[in-house]
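Derivation of every value follows stated rules applied to the coordinates shown; laboratory data play no part. Nothing here was measured: the structure is a model prediction, and the numbers come from that model. Cβ: placed from backbone, ideal geometry, glycine included. Neighbour counts: every protein chain shown.
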């Protein structure tokens, strides 16, 4: 401990100690590690995105904007649009599926709340690949779904669900649903019951209670959940790689393809940065527009 | 009371079924005797026996454990120091540093993997278990930081102050009073970081070289090459291991 904290420093208000000192040296190792492994690589990527590809892969350091110009090629715009579309659909489905259970849990007695939240989280602790594989096992042509449906005599020939956009959305919803439930639960839990009751007492319809009381008051949770589901969905790689087909490429697959198959690092970097910049820009713009009151609480 | 509609309960139960059914089905069919179809043809432990004989699998498990162990130790060491530095020694511009440290939690994982790969290739560090470990420590560090810091914030500062008033040096006050109180949170974050490292696919995928196959990379290659009951058996084991580790982590964080 290098700069000892005198007791008087913190006595008036533990949250806001005087912020005049320089950062502690304890911070240094972590800063160096993250700087080297996180910040520097991202800047490196930024630099490479303005260079060009060598004949056999690698990087030739000539300044060019060609990689960014290539991103707007209709072929790639379509992949971006598909990613955003599937991620949006995933987010909406998570909202629709997550809201009832989040609401239900938040209105249970506290002891039961803990148990239900645990029940929601347990499947989530399973390896993502395993959870993806579980759906492949169910959805593939010779899979469980078709076996059961055929056994019941409901279908003559197998239904093809796997390797489609539908399969990707199922996989993403399954993968990220808990990210939606937890912040929603936290928001509903803070919602004063009296306000909902007042709306009922004033003869609001069920519809009006939901849209004009519950939704506006739980908006921070809705936004937090939407962000937590949308970001990993739009940049997903495993799900579209294993559950999608050749015609359902998403940005994550495109990035992987450019880096490991086409070996066009500059173009791959440009795509990745456009993805990251648009996600961050979208989130920041949204949070700004909503004002500080709508800032989502981190996690659940 | 709020009007409690029965459909809310049914929707919640249906939701839990959606979350659990695929995993339970997966485990159930790891005991299915049929190699090819998803129809039940009797109980067997054959697939688990095949797993036990798989040399490449055993190697990948060792690689994973090694990476998880070392990266967790590094992340915990650096993360605990950083948590104390941030929480006990406030400074100007702290907000900026704090948000930068949480960056790995918000940027798409694939970006982290790809940018790390570029970095290693450009500094001519051959992709190996070492590069994988460096990457894992980087994404685990903020997790340790968040958990330990939350615990530090909840500690009563007057405990350490009392020790100082009674003549303890700052180091004594820290190591004899604060540190013991942090131990459960540290164990909790160790287990969580260890599990996340064991489970990581994306960052590993981009930073691993030939001969540094970890368990998730091995599972990925198995799934890529086709569905077999052996994957079900392996998945069942992984489910149990992950849940045990995370359950222990949660119990320790709560203490």
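Points worth noting:
- Taking each residue as 0.36 nm, the span from residue B:41 to residue B:103 lengthens on full extension beyond its C-alpha to C-alpha distance by 17.4 nm.
- Computed from Cα atoms alone, the Kirkwood hydrodynamic radius reported for chain A is 23.0 Å.
- Residues B:158, B:212, sorted so that the one with the fewest Cβ neighbours within 10 Å comes first: B:158, B:212
- Shielding by partners, peptide A:234-244 (average Cβ within 10 angstrom, other chains): 3
- Note on chain B: helix-only mean residue ellipticity at 222 nm, from DSSP H runs of 4+ residues weighted -39500 (n - 2.57) and normalised by residue number, equals -24500 deg cm²/dmol.
- Between residue B:244 and residue B:176, full extension at 0.36 nm per residue minus the direct alpha carbon distance yields a gain of 21.4 nm.
- By the beta-carbon count within 10 Å of each Cβ, the least crowded to most crowded order of A:94, B:17, fewest first, is B:17, A:94.
- Projecting label points 7 angstrom from Cα along Cα→Cβ for residue A:154 and residue A:288 puts them 5.0 nm apart.
- Tail weight of P(r) past 15 Å, computed on alpha-carbon pairs of region B:1-65, percent: 70
- FRET E, pair residue B:16, residue A:62, Förster distance 51 Å, beta-carbon r, rounded to 0.05: 0.35
- Compared with the dominant Cα axis of chain B, that is its longest principal axis, helix B:6-28 is turned about 70°.
- Region A:160-218 gives an Rg/Rh value of 1.23, both radii derived from C-alpha positions and Rh following Kirkwood.
- For residues of A:98-108, the mean tally of beta carbons on other chains within 10 Å: 4
- Overall Cα dimensions of region A:140-252, principal axis frame, Å, largest first: 55, 38, 19
- Label-to-label distance for residue A:92 and residue B:153 is 3.6 nm, based on points extended 7 Å past Cα in the beta-carbon direction.
- When each of A:105, B:107 is scored by the number of other beta-carbon atoms lying within 10 Å, the sequence from fewest to most is B:107, A:105.
- For region B:59-254, the spread of Cα positions along the three principal axes, ordered from largest to smallest, is 66, 39, 24 Å.
- Histogrammed with a bin width of 20 Å, the alpha carbon distances of the protein assembly as shown distribute as 19, 51, 27, 2, 0 percent, first bin at zero.
- Each label point was placed 7 Å from the Cα along the Cα-to-Cβ direction; for residue A:77 and residue B:162 their separation is 6.8 nm.
- Region B:59-254, relative contact order in percent, only Cα pairs under 8 angstrom and at least six apart counted: 35
- Note on B:12-21: average number of Cβ atoms from other chains within 10 Å of each residue's Cβ is 6.
- Three principal axis extents of region B:133-192 based on alpha-carbon atoms, in descending order, are 43, 20, 14 Å.
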